[in-house]
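The values are calculated or read from the model by the stated rules, or taken from the named source; none is laboratory data. Since this is a predicted model, take the numbers as computed values, not measurements. All Cβ positions, glycine included, derive from the backbone under ideal geometry; neighbour counts span all protein chains shown.
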Amino acid sequence: MTDYGLTAIEVPGPRHHKSATFGALLEAPALSCGAIALAPALIEHAITHVWGTAPDYSAGTTLRQFQELVQHRDYPDLYRQALALGGDMDRVPELASDIVRILAADTQLTR
């Protein structure tokens, strides 16, 4: 007799991005449980890093407001990048640079 296991994971991020975020999981070339578990924290830390070091983009917002803004607009892309970085917390500045580039390219935020 063969037993088949099924593992359930909670797809992180804003509700309207759930399917795209799940797609990022399915498309990732190589995953580890650690990368899946740490990717959301890597995103949070990178957003916090940008909020604290790039006042041109975060001026006038609380940390929570800024986190919600960035996640609301770009969570699936950030999740895909965090997975590609293996959830490695030493790479927070790298993901933060990507967030700054995303914000700079967003014409609705840089008018």
Original post:
Which of the residues spanning region 45-84 are surrounded by 13 or more Cβ atoms within 10 Å (Cβ to Cβ) and among the small types (Gly, Ala, Ser)?
Top reply: ALA46, ALA54, SER58, ALA82, ALA84
**OP:** Identify, by number, the condition in (1) over 24 Å from ALA104 (Cβ atoms); (2) surrounded by fewer than 19 Cβ atoms within 10 Å (Cβ to Cβ); (3) in contact with a Leu (Cβ under 9 Å, 6 or more places away or on another chain) that GLY87 doesn't meet.
**Re:** (2)
Original post:
Restricting attention to region 9-21, which residues are in a helix (DSSP H, G or I) and modelled with pLDDT under 75?
Top reply: HIS17
Original post:
Just to be sure, is ALA41 out of contact with any Phe, Trp or Tyr (no Cβ under 9 Å at 6 or more places or on another chain) and crowded, with 18+ Cβ neighbours inside 10 Å?
Top reply: no
**OP:** Name, by its number, the condition in (1) at pLDDT 90 or above; (2) assigned to a loop (DSSP other than H, G, I, E, B); (3) among the aliphatic types (A, V, I, L, M) that does not hold for LEU109.
**Re:** (1)
Subject >> Hits in region 44-101 - residues which are over 19 Å from ALA28 (Cα atoms) and among the hydroxyl-bearing types (Ser, Thr, Tyr) >> reply: THR48, THR53, TYR57, SER58, THR61, THR62, SER97
**OP:** Report whether or not PRO76 is without any contact (Cβ under 8 Å) to a residue 12 or more places away in the chain and either assigned to a loop (DSSP other than H, G, I, E, B) or out of contact with any Leu (no Cβ under 6 Å at 6 or more places or on another chain) (or both).
**Re:** no
Original post:
Within region 60-79, is even one residue among the small types (Gly, Ala, Ser) and touching a helix residue (DSSP H, G or I) at 6+ places or on another chain (Cβ under 7 Å)?
Top reply: no
Original post:
Is there any pair with a first residue in region 13-38 that is without any contact (Cβ under 8 Å) to a residue 60 or more places away in the chain and among the small types (Gly, Ala, Ser) and a second that is outside any helix (DSSP H, G or I) and surrounded by 13 or more Cβ atoms within 10 Å (Cβ to Cβ) whose Cβ atoms are under 6 Å apart and which are 6 or more apart or on different chains, and what are they?
Top reply: GLY34/GLY87; ALA35/GLY86; ALA35/GLY87
Original post:
Mind checking whether some residue in region 75-88 is under 16 Å from the mean Cα position of the chain (by Cα) and modelled with pLDDT under 85?
Top reply: no
